[in-house]
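J.: One structure is given below, represented as structure tokens, and several questions about it will come after.
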Amino acid sequence: MQAAGQKLTDAEFNALRDYIYNKSGIFFTERNRFQLETKIKERLDKTGCRDAFEYVKHLEDYKAGAAELDELFNTVTVNETSFFRDKSFISALEKNVIPELVQKYDMPGFKQIRVWSAASSSGEEAYTIAILLSECLKDAISRWRIRIHATDIDDNVLKRCKDGKYKSSALRNVSPSLIEKYFDRSDADTFSVKNNLKEMVVPAKCNLINPASCSAFSGVDLILIRNVLIYFDAESKKKVLKMCYENLRNGGYMFLGHSETIFGVTTGFKMVSFVNATAYRK
Amino acid sequence: MLITNFKEKVYNCIEFLPPIPDIMKELNELLQKKDCDLRDISGVIEKDPSLSLNVLKIANSAFYGLPYEVSSMERAVALIGLQEVASLCMVCNITDILKPEPGVMTMDIKSFWEHSVATGVIAKIFCKEFNIRTQENLYLAGLIHDVGKIIIDRFSHIAYDGIIKATHDENIALIEAEKRIIGESHDRVGGWLIEKWELPKVFFEVAAHHHSLMDASDGNRRAVAIISLSNHIARIKGFGFGGDMRGIILQETDAFRIINAEYPHLRDQDIARFVMDLDRADNEIAGLERMMNAGSRPKTYRR
């Protein structure tokens, strides 16, 4: 069975790869070439371009280019996610990181925690953190100022994050009691997050290799930047991790995806090993 | 619930365990000799057919990766080494001695051995990966490092149940819960048992000092440190025993510092990747653990 998509010649692939890389820092290696190929056909059809060269030219057009670049990012980034995804990661947050942050900032007149879900897609991860914080703080949460910045490069997913409506499949790892507590059922297969969670989560657009774009998220206590670094080459990875380090408050934690490490890219962080999950502490 | 005269009471409990079989004493004596011959060693082991069978089973497992299946003890000794085979015998005997009587309530023995096997396997892989030379049999050291837990559990299963529960409820280390609830800890108790069994000193030190590395002797501190680090890694790989889910900075443990002092290249290694790649050892660990639990010996052997 042939995969739907567009086989790119090496020259086409290189041109498109370099263009995307220069604009976003996202680097498609040979290993994930097929991801680009399966998704690019849709953009070629929409723009009426005959091949990738023509498409790159179209992107460079200063009028049409900017909007199309957003569309391209929206198309090529992977957005599969769900609530309470990765049990070990959730458990490290629930049992260790969140109680530690709560204990640290539980002071009269302070009581605030800021989290940055740095490639949050449609917001499942950000709302999961909101639920974990609510469960940890219980009634006291009304006296806390909690901000969870949910950022992505893709406008479509940010809109979905803002709407806060999810299919039941995204909630497959959430216990019935938590669903009851934090979601309203909109229809047979759709659930909306309740307003108290929405108040904590602030969606915003952010391009991780653009320093100006990231400066709004400095002084955070927890950065979740999971399964994003795989898209970056060594140089961009270095820049992004340096930015994360600078944006974290002292003692703050950063979590990467399950198979990602910062080895050889940055020092400064301390690696904290939890059961089947690794975090990096400033 | 601090227990008075705990040591004395536990000693009584140890008294009721079957002694280390004579065959182990013979093996230990042979190994001390400089001109120890592999035929002498295999001869001693072959006196006990069920022991020989178990040793061959483990020797032929994926763990040793032998180029072909061995069916004679002499061949096994030649291929995997005297020390290693002697250790396998020890393992078979110890797991047998510590096997609970049928019908007796015990802690989760399966996950106990899983943690112990994982610690031993990780110690071996760690040394191989980072070119750390050792004389000691780290696999066996890993297997017996927590043996004190079985003794405490046998002494009072209810108390040990409470200890495990505390680790889950309060997310604290097992050793902390033990000290609080019974006033003693598994490392000390394990030391008492190994002392009584008169096993080589390194095994005593591993059992007694894997949580207090500075108390280990200079000669054995590195081996104790390797087991201690592997013990941490086993826990964070999910081969834990108890409910301690706390994070640990491996590079800041005493164990890491001690090993690093002798092997400074360790500091420049991707430890996160090493820990991640241990997923590949899962099958080995599961396979060995199964053999450990199933490698039962005929009841008639018990004394």
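The values are calculated or read from the model by the stated rules, or taken from the named source; none is laboratory data. Owing to the predicted nature of the structure, the values given are computational and were not obtained by experimental measurement. Cβ sites come from the backbone with ideal geometry, for glycine too, and all protein chains shown count toward neighbours. Just the protein is used for accessible areas: all its heavy atoms, side chains included, with ligands, DNA and RNA removed. Shrake-Rupley method; radii C 1.70, N 1.55, O 1.52, S 1.80 Å.
J.: In Å², and per residue, what accessible area does the range B:103-303 have when probed at 1.4 Å with the other protein chains present?
T.: Ligands and nucleic acids excluded, the figure is 41 Å² per residue.
J.: Less than 17 Å apart at the alpha-carbon level, and either on another chain or at least 8 residues along: which lysines does that give for A:Lys23?
T.: Filter leaves A:Lys57, A:Lys63, A:Lys205, A:Lys237, A:Lys238, A:Lys239.
J.: Can I ask one more? Students often forget the sequence filter, so: which lysines lie under 21 Å Cα-Cα from B:Lys149 once same-chain residues fewer than 8 apart are removed?
T.: Cα-Cα hits under 21 Å: B:Lys7, B:Lys9, B:Lys99, B:Lys110, B:Lys165, B:Lys179, B:Lys196, B:Lys201, B:Lys237.
J.: Please list, by residue number, every one of the chymotrypsin sites (Phe, Trp or Tyr not before Pro) in the range A:27-96 that is coil in DSSP and has at most 16 other beta-carbon atoms within 10 Å. Intermediate values should be presented prior to the final figure.
T.: Working: sites: A:Phe27, A:Phe28, A:Phe34, A:Phe53, A:Tyr55, A:Tyr62, A:Phe73, A:Phe83, A:Phe84, A:Phe89; in loops: A:Phe27, A:Phe28, A:Tyr62, A:Phe83, A:Phe84.
Those that pass, being in a loop and sparsely packed, are A:Tyr62.
J.: Taking 1 over the mean of 1/r across every pair of different Cα atoms in the range B:37-111, what Kirkwood radius in Å do you get?
T.: 13.4 Å
J.: Pull up all non-local amide H partners of A:Ala204: gap of 5 or more, or a different chain, and H-to-H distance under 5 Å with H placed in the peptide plane.
T.: Close amide H contacts, sequence-distant or interchain: A:Ala150, A:Thr151, A:Asp152.
J.: Accessible area of the range B:103-303 with a 1.4 Å probe: how many percent of it is carbon plus sulfur?
T.: 50 percent
J.: Where a ≥ b ≥ c are the square roots of the eigenvalues of the C-alpha gyration tensor, would you call chain A rounded, which needs a/c under 1.5, or, failing that, prolate if a/b is larger than b/c, or oblate?
T.: prolate
J.: Next question. What is the local net charge at B:Leu278, summed over the other residues whose Cβ is closer than 11 Å to its Cβ (Lys, Arg +1; Asp, Glu -1)? Each step should come with its number before you reach the end.
T.: Working: positive: B:Lys237, B:Arg273, B:Arg280; negative: B:Glu129, B:Asp277, B:Asp279, B:Asp282, B:Glu284.
Net charge around B:Leu278: -2.
J.: What shape does the range B:15-168 have by the C-alpha gyration tensor, where a ≥ b ≥ c are the square roots of the eigenvalues, rounded means a/c under 1.5, and otherwise prolate means a/b greater than b/c and oblate the rest?
T.: Cα axes put the range B:15-168 in the prolate bin.
J.: Counting each pair of different Cα atoms once, what's the Kirkwood radius of the range B:144-303 in Å, rounded to one decimal?
T.: Numbers: mean 1/r = 0.0581 Å⁻¹.
Averaging 1/r across every pair of different Cα atoms and inverting gives 17.2 Å.
J.: Per the 1.4 Å probe, what fraction of the accessible area of the range A:136-228, in percent, lies on carbon and sulfur atoms?
T.: 50 percent
J.: OK, next. Any idea what the alpha-carbon Rg over 2.2 N^0.38 Å comes to for chain B?
T.: 0.97
J.: Then there's this: Nearest 100 Å², what total accessible surface is buried between chain A and chain B (probe 1.4 Å)? Working shown, then result.
T.: Details: alone 14330 and 14270 Å², together 26970 Å².
So the total buried area for this chain pair works out to about 1600 Å².
J.: In deg cm²/dmol, rounded to 500, what helix-only [θ] at 222 nm does chain B give when every DSSP H run of at least 4 residues adds -39500 (n - 2.57) and the total is split over its residues?
T.: Mean residue ellipticity, 222 nm, calculated: -19000 deg cm²/dmol.
J.: Go through the range B:89-141 and name the chymotrypsin sites (Phe, Trp or Tyr not before Pro) that are in a DSSP coil and have 16 or fewer other Cβ atoms within 10 Å of their Cβ.
T.: Passing sites in the range B:89-141 are B:Phe130.
J.: While we're looking at this one, here's another question. Mind pulling the per residue volume of the convex hull built on the Cα atoms of the range B:126-203? Å³ is fine.
T.: For the range B:126-203, the hull spanned by Cα atoms encloses 106 Å³ per residue.
J.: A further question on this structure: If you find the alpha carbon centre of the range A:21-84 and of the range A:266-282, how far apart are they in angstrom?
T.: Spelled out, the Cα-based centre of one part sits 33 Å from the other.
J.: Further question: So, with a 1.4 angstrom probe, what is the percent of accessible area on the range A:76-131 that is carbon and sulfur?
T.: Carbon plus sulfur share of accessible area: 51 percent.
J.: A further question on this structure: Would you mind computing, in nm to one decimal, how far apart the modelled labels at A:Asp106 and B:Asp161 are, each placed 7 Å from Cα along Cα→Cβ?
T.: 3.1 nm
J.: Right, here's the next one. What lysines sit close enough to A:Lys111 to cross-link, taking a C-alpha to C-alpha distance under 21 Å and skipping anything fewer than 8 places away on the same chain?
T.: A:Lys95, A:Lys138, A:Lys198, A:Lys282
J.: For B:Glu170 and B:Glu195, calculate 0.36 nm times their separation in residues minus their Cα-Cα distance, and state this gained length in nm to one decimal.
T.: Stretched fully, the B:Glu170-B:Glu195 segment lengthens by 5.7 nm.
J.: Share of Cα-Cα pairs in the range A:1-122 beyond 23 Å, in percent?
T.: The proportion of pairs with Cα distances above 23 Å equals 48 percent.
J.: Tell me the volume per residue, in Å³, of the convex hull enclosing the alpha carbons of the protein assembly as shown.
T.: For the protein assembly as shown, the hull spanned by Cα atoms encloses 207 Å³ per residue.
J.: Next question. Roughly how far apart, in whole Å, are the Cα centres of the range A:106-128 and the range B:117-184?
T.: Using only Cα atoms to place each centre, the spacing works out to 36 Å.
J.: Per residue of A:266-277, count partner chain C-beta atoms within 10 Å of its C-beta, then hand back the mean as an integer.
T.: 5
J.: Of the listed peptides B:231-237, A:38-44, B:60-66, B:261-267, what is their order by residue-averaged count of other C-beta atoms within 10 Å, with the highest listed first? Before the final figure, lay out each step's value.
T.: On the way: B:231-237: 24.0, A:38-44: 17.6, B:60-66: 14.4, B:261-267: 12.4.
Result, highest mean Cβ count within 10 Å first: B:231-237, A:38-44, B:60-66, B:261-267.
J.: Let me ask another. What accessible area per residue comes out for the range A:70-116, rounded to a whole number of Å², with a 1.4 Å probe? Don't skip to the end; give the middle numbers.
T.: Values: 2060 Å² over 47 residues.
Averaged over the residues of the range A:70-116, the accessible area is 44 Å².
J.: To continue, here is another question. Describe numerically, in nm with one decimal, the distance between label points set 7 Å from Cα along Cα→Cβ at A:Asp187 and at B:Phe130.
T.: 5.7 nm
J.: Rolling a 1.4 Å sphere over the protein heavy atoms, what is the accessible area per residue of the range B:18-97, to the nearest Å²?
T.: I get 46 Å² per residue for the range B:18-97.
J.: Still on this model: Given +1 on the Cβ of Lys and Arg, -1 on the Cβ of Asp and Glu, and no further charges, what dipole in debye does the range B:1-68 carry about its Cα centre, rounded to the nearest 20?
T.: Once rounded to the nearest 20, the dipole reads 220 debye.
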